[in-house]
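Encoded as structure tokens, the structure appears first; notes follow it.
Just so it is clear, none of the values below were taken in a lab; they were calculated from the coordinates. Small disclaimer: the values here were computed from a predicted structure and weren't measured. When we count neighbours, we look across all protein chains shown, and the Cβ atoms used for this are built from the backbone with ideal geometry, even at glycine.
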Amino acid sequence: MPALVVVAVWTRFGYGMLILLARLQDIPRELEEAALTDGAGPWQRFRHVVLPELRGAIFFLAVIETTVSFQVFDTVYVMTGGGPANASYMVVFQIYDQAFRYFDFGYASAIGVALFVMTLAVAVIQRLTVGRDR
């Protein structure tokens, strides 16, 4: 499992940093200058200027990365094949097994729909918490 975590972080880390860096470079410098003129320190500028500007990018990354984490298959299949004693057996791997090893496509489809509903529910919860307006 630690090797799977390292590979997942290694492959997805650059994407998130690229999104956040692009958003950081797009923050108007006038906002930071105004906060600096008002006497805000570094922490106050980050908390009241930078963080609210990053809220949309953070919400986007939270939804995308959570969805991707629910649907991890290729790394698990290549590295462990489900792992020793099913230690790395994920939901998508179970869909694959049910459909293509046991040829039970109905059950695999039901698991896929359940995964979709679960992913949608988590995305809605994230929308209510992270993505809410000020």
Fill in: Karplus 3J(HN,Hα) series, Hz, for region 34-42 with 6.51 cos²θ - 1.76 cosθ + 1.60 (x for Gly, Pro)
5, 5, 5, 5, 6, x, 6, x, x
Worksheet item: Can you give me the Cα centroid spacing of region 83-134 and region 1-21 in angstrom?
Response: 20 Å
Worksheet item: Scaled to the compact-protein estimate 2.2 N^0.38 Å, what is the alpha-carbon radius of gyration of the chain, rounded to two decimal places?
Response: 1.43
Worksheet, complete the sentence: In terms of the charge dipole of the chain, which places +1 on Lys and Arg and -1 on Asp and Glu at the beta carbon, the residue among Tyr102, Ala121, Val72 farthest towards the positive end is Ala121
Fill in: Relative contact order [Cα under 8 Å, 6+ residues apart], region 2-129, whole percent
21 percent
Item to complete: Would you work out which of Tyr89, Leu61, Gly14 lies farthest towards the positive end of the dipole of the chain? Charges go on Cβ: Lys and Arg +1, Asp and Glu -1.
Response: Tyr89
Discussion item. Rounded to the nearest 20 debye, what is the charge dipole size of the chain about its Cα centre when +1 sits on each Lys and Arg Cβ and -1 on each Asp and Glu Cβ?
Written reply: 160 debye
Discussion item. Assuming 0.36 nm per residue, please report the length gained on full extension of the stretch Met118 to Asp38 beyond their Cα-Cα distance.
Written reply: 24.2 nm
Worksheet item: Which value in nm describes the separation of the simple spin-label points at Asp104 and Ala3, placed 7 Å from the Cα toward the beta carbon?
Response: 2.9 nm
Worksheet item: Sorted by mean Cβ packing within 10 Å, highest first, what order do the peptides 82-94, 40-52, 17-29 take?
Response: 82-94, 40-52, 17-29
